[in-house]
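Step one of this worksheet: look at the structure below.
The values are calculated or read from the model by the stated rules, or taken from the named source; none is laboratory data. Note that the structure is a prediction, hence the values are computed from the model and not measured. Positions of Cβ are generated from backbone atoms using ideal geometry, with glycine treated the same way; all protein chains shown enter the neighbour counts. When the accessible area is computed, the model is the full protein with side chains, heavy atoms only, and any ligands, DNA or RNA have been set aside. Shrake-Rupley method; radii C 1.70, N 1.55, O 1.52, S 1.80 Å.
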Amino acid sequence: MTLSITAVVLAAGKGTRMKSARAKVLHEVFFRPMLHHVLLTVRQAAIDRCAVIVGHQRQEVLRVLEPFTVVPVIQEEQLGTGHAVLCAEQACADADLVMILCGDTPLIQAATLTDMIASHRHNRAMLTLMTTLLDQPFGYGRILSDAQGTVQAIVEEKDATEEQRRIREINAGIYLADRSFLFEALRRVGADNSQGEVYLTDIVAIARSQGLTVHRFAHPQAADVLGVNSRIELAQAQATLQQRHNRNLMLAGVTLYAPEAVLASPDCVIGPDTVIEGMARISGASVVGRDCRIASGCVVHACTLGDDVTVGANSVLAHCTIATGDTIVPLTYRHG
């Protein structure tokens, strides 16, 4: 039996730890707002429908959503993650399952989501939550389990005891739940906690109290599933996405002499046997032909390069076409 799935992406928060006037999900990472990376992953996972919760700076977030076929849901007051999901009840009316994700997780991959869906179905769970292990779990909700290892509840950092804070298994913030259970449970969640908010995490304890199956989907790569909460983590996400993309370029036949120092946007096309040296940047949907050589320090933006083109060191090209076989001489500086 095929079950329909609606993804609910939480994108209503401020992200105060970013120290920015801009909503966190609007911050750019690897040439796109971080929210775009999550929405692209949802699309690649072939999830049927997607609703996005917007609140803080909603007009700017709605503008960013324009390239995607999603249902925007307004959260008028930011009263917690549970309240945010509850706002999406109507948008999920036709779904059998609801997958909940955060809009600040640009490293999440489609294969992870599809594996989680398969695991949920295999275990016939009512609720599946993604977890991971951290050596320094400060700030994350901890997974409380019984002696048999069965998940019992999630406790948030600010509500945890000292003993609970030593638990390394944390809530990754991605859930898959039966729709009817999810919204019934959310209506039962109160706000009796240190934040005075409706915690989405409370649905775990509610499911257990009803004797329902709560499945743990443990993801081994913590970095892939955790949110971006600071400029430091934003830079780390940028490096990871750059590394993934450059690996794909090299597997496709492009030579990168210093892949950690080559920045090529994912909307560019680069032909095989092209060589790109370090500190080069290629962006703006540029098309680079076969057997080209782009020397160190070059910037190529919104250009079309034919085959066998050589671009000399430190050249800056924008909005131009370079014919097959042409050479752009290196940019040189002369003193005197």
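Looking only at segment 110-151, residues that are in contact with a Ser or Thr (Cβ under 6 Å, 6 or more places away or on another chain) and either open to solvent by 40 Å² or more (accessible area, probe 1.4 Å) or closer than 21 Å to Leu241 by Cα (or both) come to 2 in all.
Does Arg22 count as surrounded by fewer than 21 Cβ atoms within 10 Å (Cβ to Cβ), out of contact with any Cys (no Cβ under 7 Å at 6 or more places or on another chain) and not in a loop (DSSP other than H, G, I, E, B)? No.
The residues of segment 235-258 that are in a helix (DSSP H, G or I), open to solvent by less than 40 Å² (accessible area, probe 1.4 Å) and without any contact (Cβ under 8 Å) to a residue 40 or more places away in the chain, listed by number, are Asn246, Leu249. Of all the residues in segment 131-152, those that are within 21 Å of Gly211 (Cα to Cα) and either hydroxyl-bearing (Ser, Thr, Tyr) or out of contact with any helix residue (DSSP H, G or I) (no Cβ under 6 Å at 6 or more places or on another chain) (or both) number 10. Evaluated against (1) modelled with pLDDT of 95 or more; (2) surrounded by fewer than 17 Cβ atoms within 10 Å (Cβ to Cβ); (3) within 18 Å of Tyr175 (Cα to Cα); (4) out of contact with any helix residue (DSSP H, G or I) (no Cβ under 7 Å at 6 or more places or on another chain), Arg63 falls short on exactly one condition, (3).
If you go through segment 1-19 and keep only what is out of contact with any Cys (no Cβ under 6 Å at 6 or more places or on another chain) and closer than 22 Å to Gly139 by Cα, you end up with Val9, Ala11, Ala12, Gly13, Lys14, Gly15, Thr16, Arg17, Met18, Lys19. Count of segment 150-201 residues, restricted to those that are without any contact (Cβ under 8 Å) to a residue 24 or more places away in the chain and part of a loop (DSSP other than H, G, I, E, B), is 7.
With respect to (1) on the phi < 0 side of the Ramachandran plot; (2) open to solvent by 20 Å² or more (accessible area, probe 1.4 Å), the lone exception for Gly196 is condition (1).
Residues that are within 20 Å of Glu28 (Cα to Cα) and touching a strand residue (DSSP E or B) at 6+ places or on another chain (Cβ under 6 Å) within segment 41-61 comprise Val42, Val52, Ile53, Val54, Val61, listed in sequence order.
Beta carbons closer than 7 Å, at least 6 apart along the sequence or on distinct chains, pair a first residue in segment 286-309 that is on the phi > 0 side of the Ramachandran plot with a second that is outside any loop (DSSP other than H, G, I, E, B) for Ala302/Ala318.
Tell me, please, whether a residue that is closer than 21 Å to Asp178 by Cβ, under 18 Å from the mean Cα position of the chain (by Cα) and open to solvent by less than 40 Å² (accessible area, probe 1.4 Å) can be found in segment 26-43. Yes, the conditions are met somewhere in segment 26-43.
Candidates in segment 209-230 are the residues that are over 19 Å from Leu144 (Cβ atoms) and open to solvent by 40 Å² or more (accessible area, probe 1.4 Å); of these, the one that is farthest from the chain's Cα centre (by Cα) is Pro220. Of all the listed residues (Glu163, Glu184, Glu157), the sole one being touching a Phe, Trp or Tyr at 6+ places or on another chain (Cβ under 8 Å), surrounded by fewer than 20 Cβ atoms within 10 Å (Cβ to Cβ) and not β-branched (Val, Ile, Thr) is Glu157.
For segment 259-284, the set of residues classified as among the hydrophobic types (A, V, I, L, M, F, W, C), under 19 Å from Asp307 (Cα atoms) and surrounded by 14 or more Cβ atoms within 10 Å (Cβ to Cβ) consists of Ala264, Cys268, Ile270, Val275, Ile276, Ala280, Ile282, listed by residue number.
Against the test of being modelled with pLDDT under 95, over 26 Å from Asn193 (Cα atoms) and not small (Gly, Ala, Ser), the options Asp96, Asp48, Asp115 yield a single qualifying residue, Asp48. When residues in segment 25-56 are screened for being of a type outside the set (D, E, K, R), closer than 18 Å to Ala88 by Cα and not in a loop (DSSP other than H, G, I, E, B), 10 of them pass.
The number of residues in segment 138-175 being in contact with a Leu (Cβ under 6 Å, 6 or more places away or on another chain) and under 21 Å from Val9 (Cβ atoms) comes to 3.
Scanning segment 59-80 for residues that are part of a helix (DSSP H, G or I) and over 19 Å from Arg22 (Cβ atoms) yields no hits at all. Each residue in segment 2-37 was checked for being touching a strand residue (DSSP E or B) at 6+ places or on another chain (Cβ under 6 Å) and closer than 20 Å to Tyr175 by Cβ, and 11 pass.
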